[in-house]
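The values are calculated or read from the model by the stated rules, or taken from the named source; none is laboratory data. Computed from a predicted structure; not experimentally measured. Because the Cβ atoms are built from the backbone with ideal geometry, glycine has one as well, and the counts that use them run over all protein chains shown. Remember, those area values only see protein heavy atoms, side chains included, never the ligands or the DNA or RNA. Shrake-Rupley method; radii C 1.70, N 1.55, O 1.52, S 1.80 Å.
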Amino acid sequence: MIELTLIGIGTGNPGHLTLQAIEAMNAAELILIPLKGADKSDLAGLRRSMCETHITNPATKVVEFALPVRDAANPSYRQGVDDWHDAIAAAWQGEIRAHVGESGKVALLVWGDPSLYDSTLRLAERLARVMPVTTRVIPGITAIQALCAAHAIPLNEIGAPVQITTGRQLRDHGWPEGVDTIVVMLDGECSFTHLAPEGVEIWWGAFVGMSEQILRTGPLSEVGPQIVRTRAEARAEHGWIMDIYLMRRA
């Protein structure tokens, strides 16, 4: 039986690691670190640094592997994602069998938390179809928590709901009905530009929690164009970007 532990590691700040996460890292026989290409080498480097800093168990092996790339040209977004996930699960299986066989303790360090807009748990389900696996989750600080902390704001208004959505949903369907506060994740196109900005405040952050952190806040009508420029400049400088934002109607 493979004991698979998915460890939430926060948004890039080494201080986000919990004592439970460090304990789980040291309990693993194998930690897999995905390599997402040269443009995102910083992500692998941060995971590697966390392992070097916190793993004291000499029996824990850290192995890097090439992460399959999603076929962005597939006309069906969902089918493209499903095929990609199948390929990643197969890569996991190959690495696990090569390093621990059919029985052992394996861990992956998951950006943010495994429960929120992350597919690691779905990948674990795929892996369990082809080999015996039990899955355990160690929670981590989410990008939403890190964003609110960076701006020193509460996530919700008193007694009011919050909706977490994606850039694609915002572009396709506009502002969700019934809520005045939304958090937008997985947005590579500054989808807030599709909204009427009047009466909307935005709290935006890129590389939240990391040393490269960038924050912008203010009325969407004023700050929106600044965010578009800042995001493009930061992506050009680093070769990649992870950002998130919260918007609230007055």
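For the structure I just gave you, tell me whether A149 is modelled with pLDDT under 95, open to solvent by 70 Å² or more (accessible area, probe 1.4 Å) and not hydroxyl-bearing (S, T, Y). Criteria not met by A149.
Per-residue answers, yes or no, for (1) aliphatic (A, V, I, L, M); (2) within 22 Å of Y117 (Cα to Cα); (3) modelled with pLDDT under 95:
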| residue | (1), (2), (3) |
| --- | --- |
| T5 | no, yes, no |
| G8 | no, yes, no |
| N13 | no, yes, yes |
| P34 | no, yes, yes |
| R47 | no, yes, yes |
| V63 | yes, no, no |
| A66 | yes, yes, yes |
| N74 | no, yes, yes |
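Looking across region 214-250, the residues that are within 29 Å of G37 (Cβ to Cβ) and of a type in the set (V, I, T) come down to I214, I227, V228, T230, I241, I244.
Is it fair to say G80 is out of contact with any helix residue (DSSP H, G or I) (no Cβ under 8 Å at 6 or more places or on another chain), in a helix (DSSP H, G or I) and farther than 29 Å from Q145 by Cα? Here the answer is yes, as G80 does meet what is asked. The combined condition, being over 23 Å from the mean Cα position of the chain (by Cα), open to solvent by less than 60 Å² (accessible area, probe 1.4 Å) and at pLDDT 95 or above, is fulfilled by V100.
Are any of the residues in region 137-146 open to solvent by 20 Å² or more (accessible area, probe 1.4 Å), part of a helix (DSSP H, G or I) and either modelled with pLDDT under 95 or within 22 Å of Q213 (Cβ to Cβ) (or both)? The answer is yes, given that some residue of region 137-146 is open to solvent by 20 Å² or more (accessible area, probe 1.4 Å), part of a helix (DSSP H, G or I) and either modelled with pLDDT under 95 or within 22 Å of Q213 (Cβ to Cβ) (or both).
For (1) within 30 Å of Q145 (Cβ to Cβ); (2) surrounded by 14 or more Cβ atoms within 10 Å (Cβ to Cβ), each residue gets a yes or a no:
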site	(1), (2)
I7	yes, yes
G15	yes, no
P34	yes, yes
G45	yes, no
E64	yes, yes
A72	yes, no
W84	yes, yes
I96	no, yes
V110	yes, yes
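Can you pull out the residues in region 47-62 that are open to solvent by 40 Å² or more (accessible area, probe 1.4 Å) and among the hydrophobic types (A, V, I, L, M, F, W, C)? Selection gives A59, V62. Listed by position, the strands (runs of 3 or more DSSP E) inside region 158-249 whose residues that are open to solvent by 70 Å² or more (accessible area, probe 1.4 Å) and of a type in the set (S, T, Y) number at least 1 are 214-219.
Which of the residues that make up region 147-162 are touching a strand residue (DSSP E or B) at 6+ places or on another chain (Cβ under 8 Å) and under 24 Å from E212 (Cβ atoms)? Those that are touching a strand residue (DSSP E or B) at 6+ places or on another chain (Cβ under 8 Å) and under 24 Å from E212 (Cβ atoms): L147, C148, A150, H151, I153, L155.
Filtered by the rule that a residue be under 14 Å from the mean Cα position of the chain (by Cα) and either acidic (D, E) or within 12 Å of G8 (Cβ to Cβ) (or both), region 125-145 gives P139, G140, I141, T142, A143, Q145.
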